[in-house]
Amino acid sequence: MAKAKLPTDDEAAEEAAAAAFRKQIRFWLITAVLFSVFLYLFSDILLPFVAGMALAYFLDPVADRLQKLGLSRLMATVVILVCFLVLLVLGLVIIIPVLASQMADFAAKVPGYLERLQQLITDFNPQWIEQRFGVDAEGLREGLNSLLNSGFGFVTTIFQGIWSSGVALFSIASLFVVTPVVAFYMLLDWDRMVAVVDSWIPRDHVVTVRQIARDINTAIAGFVRGQGTLCLILGIFYAAGLTLTGLNFGVLIGLFAGLVSFIPYVGSLLGLVLSIGVAFVQFWPDWTMVAAVAAVFFIGQFIEGNILQPRLVGKSVGLHPVWLMFALVAFGAMFGFVGLLVAVPSAAAVAVLVRFAIGRYLDSPLYHGHDAETPEAGTPSTAKVEAGTPSSVKIEARGPRAAKVQAGKPSGAKPEK
């Protein structure tokens, strides 16, 4: 009777690695399912808690710096939250009345603005466009009218939805009472909670899970903190610039464009189209003022692309705009407003996990095949996923079957405790 062939050391190591990978995939899938079920069951009451956690996460680096300056964690937490709440209340006292007035005025005047724009299009004689480009003038008018109807209807629906549900979403009892309390305790105990969660990680997978957690933290911190600060600066710039041009609803349109700039290019594009439409109704035939309104957004885009984006966000986050928009729509549809709050960090986490899975696949026998030649010493033959942010991932061919997946080094991860 033939003797069974024993696996070689390499085959045994490959099988062990494959088994460990399957366990890790199951771990993350179970975590994702439990997280989704939790959001679904408690989405109606989670808003102040999610807001408090986000606030604590956003301010944790400031608390760490104050601790290095000699303050205790308790004093650092108190100082940060008091300063933040004072600035928030002052901002709300100044901005909220203006926004409420402009939102109500905008909703009331949209039909008149739409009618005026349609009249301008009707009076416009685009014969030179027809002669130069061969475009049907009547078809151009109809297309512009249809675009105006759908565009203004979409924006009006957004503003009316925010206005009608604002009291339900941002109730005084939840956001101004529960959220600061949650933020205080989470900011006070943040490092301790991280250490406790770290102690729960299965010991066989602690190195891998810690590495993935570092990558997720780097991606979320780079995008949420960096992009959040960028959106705030852009919103203030657009609101101030449009107000200086004398545009009606300048504060409303500017802050809206800055907020939606969380999705690259979308905020500035929506703000530009909306402000140009209002400018035509308000200023035409003075085209210089229309150009001034457009210049505000072009200058804002230049500042964002050349100054703010490299300094605040950098090139290491790597959340594709299409993936980000899908995450916002999907989480918003499934979990409501709370889903919108967790969409970006969830999208960043999923992106990191997908890159981890791709790296393990490129390192597996399924990719290389069992008959792959053993590479020479010093030549990387397996896929390698290094710690860091997920955006700089590149796949580089090394021989007929070897590949390497490499990411940048981590920049913002904390050492484990």
Legend entry - Count of residues meeting criterion [of a type in the set (Asp, Glu) and in contact (Cβ under 8 Å) with a residue 60 or more places away in the chain] in region 257-312: 1
Inset, instruction - Could you tell me which of the residues Gly267, Gly258 is modelled with pLDDT of 85 or more and surrounded by 18 or more Cβ atoms within 10 Å (Cβ to Cβ)? - result: Gly258
Inset, instruction - Could you figure out which of (1) closer than 20 Å to Ser43 by Cβ; (2) free of Cβ contacts under 8 Å to residues at least 60 places away in the same chain isn't true of Leu366? - result: (1)
Legend entry - Residues of region 59-79 satisfying the condition of being farther than 12 Å from Leu187 by Cα and surrounded by 16 or more Cβ atoms within 10 Å (Cβ to Cβ): Leu66, Leu71
Inset, instruction - Can you work out which of the residues in region 8-44 that are at pLDDT 75 or above and among the hydroxyl-bearing types (Ser, Thr, Tyr) is farthest from Pro345 (Cα to Cα)? - result: Tyr40
Inset, instruction - Select, from Ile263, Ile212, Ile216, the only residue that is in contact with a Leu (Cβ under 9 Å, 6 or more places away or on another chain), within 21 Å of Ser346 (Cα to Cα) and outside any helix (DSSP H, G or I). - result: Ile263
Inset, instruction - Kindly indicate whether any position in region 287-297 is surrounded by fewer than 22 Cβ atoms within 10 Å (Cβ to Cβ) and under 29 Å from the mean Cα position of the chain (by Cα). - result: yes
Legend entry - One residue from Val207, Val178, Val224, Val182 being modelled with pLDDT of 85 or more and in contact with a Pro (Cβ under 7 Å, 6 or more places away or on another chain): Val182
Legend entry - Which numbered condition Gly332 misses (of (1) in contact with a Gly (Cβ under 8 Å, 6 or more places away or on another chain); (2) surrounded by 17 or more Cβ atoms within 10 Å (Cβ to Cβ); (3) among the small types (Gly, Ala, Ser)): (2)
Legend entry - region 1-24 residues that are assigned to a helix (DSSP H, G or I), paired with ones that are of a type in the set (Lys, Arg) and at pLDDT 65 or above (beta carbon under 7 Å, 6 or more apart): Phe21/Arg360
Inset, instruction - Identify, by number, the condition in (1) more than 20 Å from the chain's Cα centre (by Cα); (2) at pLDDT 90 or above that Asn248 doesn't meet. - result: (2)
Legend entry - Test result for Thr243, free of Cβ contacts under 8 Å to residues at least 12 places away in the same chain and either more than 23 Å from Met53 (Cα to Cα) or assigned to a helix (DSSP H, G or I) (or both): yes
Legend entry - Criterion: modelled with pLDDT under 80 and farther than 29 Å from Val278 by Cβ - qualifying residue of Gly70, Gly134, Gly91, Gly112: Gly134
Inset, instruction - For region 208-230, indicate whether the set of residues that are crowded, with 18+ Cβ neighbours inside 10 Å, without any contact (Cβ under 8 Å) to a residue 60 or more places away in the chain and within 30 Å of Val251 (Cβ to Cβ) is non-empty. - result: no
Inset, instruction - Scan region 227-241 and give yes if some residue there is within 23 Å of the chain's Cα centre (by Cα) and within 27 Å of Gly359 (Cβ to Cβ), otherwise no. - result: yes
Legend entry - Residues within region 335-367 that are modelled with pLDDT under 80, crowded, with 20+ Cβ neighbours inside 10 Å and out of contact with any helix residue (DSSP H, G or I) (no Cβ under 7 Å at 6 or more places or on another chain), tallied: 1
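The values are calculated or read from the model by the stated rules, or taken from the named source; none is laboratory data. Predicted, not measured: the structure shown is a model, and the values here were computed from it. Ideal geometry is used to build each Cβ from the backbone, glycine not excepted, and the neighbour counts take in all protein chains shown.
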